[in-house]
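Structure, as structure tokens:
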Amino acid sequence: MPDTLAAPASHLLEIKHSRFLAQAMPIGNAADALSFVSMVSVADATHNCWAYRCGNEYRSSDDGEPAGTAGRPILAAIDGQGYDRVVVVVTRWYGGIKLGAGGLVRAYGGTAAECLRLAPRLPLVAMRRLRLACPFDELGTVHAQLAAHAADKLGEEFDEHGAQLAIELPAERVDGLKTQLRDATRDRVRWLDAGG
């Protein structure tokens, strides 16, 4: 699984008198990314180039630099560092020395990569939502197993047969929870989700 940022991050590099400031932020969707781009873009800077990845959705901008020399290298840095749900803006203040296409690719991609390399990481964990039903006398056992498998209870309803719970837990723990509940309750828990 990829990571996202645990907190916003930034990194400043000077390359041949040009200053490159990378600013990175965790995002939940494309709108968050574009909002961050407009928030941190510096009006009097030479360029504000950016890229984001949020699952299969991604975009990048060269903001006036030669095509493919800024946005794509920033996106490659996001992917190369193993990140998802991240936006990076690299702002450049021109220092009077032209870097050439290869130099720009290295400057933008390198500044973004270094920013992400030094940033605090947060693993993205695939979560799964499930529903289960159990008799009243098994509720204590069910709650104990939910806690043991890092499951959050999203809702609970009661009827004459017992309780129905909506839960969310890390996807890799689902099979273990189902096995434990089957064994601990003598198979008295019913799974109401399609993957039951």
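Criterion first (touching a residue at least 40 places away in the same chain (Cβ under 8 Å), closer than 15 Å to residue 18 by Cβ and surrounded by 22 or more Cβ atoms within 10 Å (Cβ to Cβ)) does residue 85 satisfy it?
no
Can residue 111 be described as hydroxyl-bearing (Ser, Thr, Tyr), open to solvent by less than 50 Å² (accessible area, probe 1.4 Å) and touching a strand residue (DSSP E or B) at 6+ places or on another chain (Cβ under 7 Å)?
In short, yes.
When only residues in segment 1-43 that are among the charged types (D, E, K, R) and open to solvent by 50 Å² or more (accessible area, probe 1.4 Å) count, which is farthest from residue 97 (Cα to Cα)?
32
Looking at segment 2-45 only, could you name the residues that are among the β-branched types (Val, Ile, Thr), over 17 Å from residue 95 (Cβ atoms), out of contact with any Asp or Glu (no Cβ under 9 Å at 6 or more places or on another chain) and not in a loop (DSSP other than H, G, I, E, B)?
37, 40, listed by residue number.
So, in segment 129-142, how many residues would count as being open to solvent by less than 70 Å² (accessible area, probe 1.4 Å) and touching a residue at least 40 places away in the same chain (Cβ under 8 Å)?
The qualifying residues number 8.
Report, ordered by the first and then the second residue, all pairs with beta carbons closer than 7 Å, sequence separation of six or more or different chains, a first member in segment 40-69 that is within 22 Å of residue 106 (Cβ to Cβ) and without any contact (Cβ under 8 Å) to a residue 60 or more places away in the chain, and a second member that is assigned to a loop (DSSP other than H, G, I, E, B) and among the hydrophobic types (A, V, I, L, M, F, W, C).
47/70; 48/42; 49/70; 52/27; 62/70; 63/70
Looking only at segment 143-178, how many residues end up being out of contact with any Pro (no Cβ under 9 Å at 6 or more places or on another chain) and either open to solvent by 40 Å² or more (accessible area, probe 1.4 Å) or over 15 Å from residue 189 (Cβ atoms) (or both)?
Number of matching residues: 20.
The values are calculated or read from the model by the stated rules, or taken from the named source; none is laboratory data. These numbers come from a predicted model, not from an experiment. Quick reminder, even Gly has a Cβ in these numbers, built from the backbone with ideal geometry, and neighbours come from all protein chains shown. Accessible surface is based on the protein model in full, side chains and every heavy atom, while ligands, DNA and RNA are left aside. Shrake-Rupley method; radii C 1.70, N 1.55, O 1.52, S 1.80 Å.
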